[in-house]
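Engineer: One structure follows; several queries about it will come next.
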Amino acid sequence: MTLLFMLTVCLSFLALLATPSFATNQANSCRSYCGNITIDYPFSLDYGCGHPGFRDLLFCMNDVLMFHISSGSYRVLDIDYAYQALTLHDPHMSTCDTIVLGGRGNGFTVEQWRAPYFNPTPDNVFMLIGCSAESPLFQGFPGKHLPCRNVSGMGCEEYYDCPAWSLVGHKKVGSVYGSGPPECCAVAFEAIKAINLSKLQCEGYSSAYSLAPLRVDGAGGWSYGIRVKYSVQGNDEFCRACEATGGACGFGTDGVKQLCMCGSFNSTTNCDSESSTSSKMTLSLAVALAASLETRDIQHFAYQLHVNATFVLAYTTTLFA
């Protein structure tokens, strides 16, 4: 009789574990914030969470969110989930108040496999400073047709008016390539695909972006930083179905296959379908065990199963209330 009691309690608890409500009550192990910045899909701070294309990308250090790619580490100032964009800060980037030379800036270059997921926005201008005449930036262009262009109304002519230039002794150089390269050359990211100061033989760079019509106070009113557009490749219905059933999107140990994390278990579909499968398996196990009992014990087994399932359900409901 004691063995029968233990079996019914165990089976009742297994059935309860398989229910969606129990799985939903489990604490999600994926960290959802760093400082005052919310970390949501497709990003993550923990390996196995988020989209596999965004793995090993964000790190939280003393409540400061950092973004790390092949060109270096950047502080994340903002993640705009509505417009799918991040705002990054490079401490060695020039602004209107400071010109940083010596090739110390990160620029912006992503690993080839990450390239489909990230690109600076079209209204982000990169202003390359102190580039050599032998820079690949100027090769293949006739003297009067440098690749330097304004981007969304922002360019070097206005940038030259910043107070920082008076500290480095700015001298305007003619735009004719034969007379020497300009001190500043503004380009869009799409024009050269990578901002690598070493390969471009440049001393420094600045980056600015526009979120609205430009203000009338020129370069002093620009927003300095790198505005990066992100995108999730492929069909994202898997994650939406997962979250709709109380799960969190993640990926497996191979770093590729997506999983739906449902608290006490992982699913390759969503939390509801996995729970339904688990319930059927538990019920099958109960039927098999009941069938193995002698005929005289079956009626008592069914009664004990009902009583103990009711007890465990009531106890767990109180526990997770």
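Just so you know, all these numbers are worked out from the coordinates, no wet-lab data involved. Being a predicted model, the structure only gives us computed values, none of them experimental. No Cβ is skipped: glycine too gets one built from the backbone with ideal geometry, and neighbour counts run over all protein chains shown.
Engineer: Starting from 0 in steps of 10 Å, tell me what percent of the Cα-Cα pairs of region 70-230 lands in each bin.
Structural biologist: Taking all Cα pairs of region 70-230, the binned fractions are 11, 42, 37, 10, 1 percent.
Engineer: Using Stokes-Einstein with the Kirkwood hydrodynamic radius over Cα pairs, what translational diffusion coefficient do you get for region 87-137 at 25 °C and a viscosity of 0.890 mPa s, in µm²/s rounded to a whole number?
Structural biologist: The calculation lands on 187 µm²/s.
Engineer: Right, here's the next one. Report the local net charge at CYS249: Lys and Arg +1, Asp and Glu -1, summed over other residues whose C-beta lies under 13 Å from its C-beta.
Structural biologist: Taking every Cβ under 13 Å from that of CYS249, the sum is -2.
Engineer: Could you give me D for region 47-131, from Stokes-Einstein at 25 °C and 0.890 mPa s, where the hydrodynamic radius is the Kirkwood radius over C-alpha pairs? Units µm² s⁻¹, please.
Structural biologist: Once the numbers are plugged in, D ends up at 170 µm²/s.
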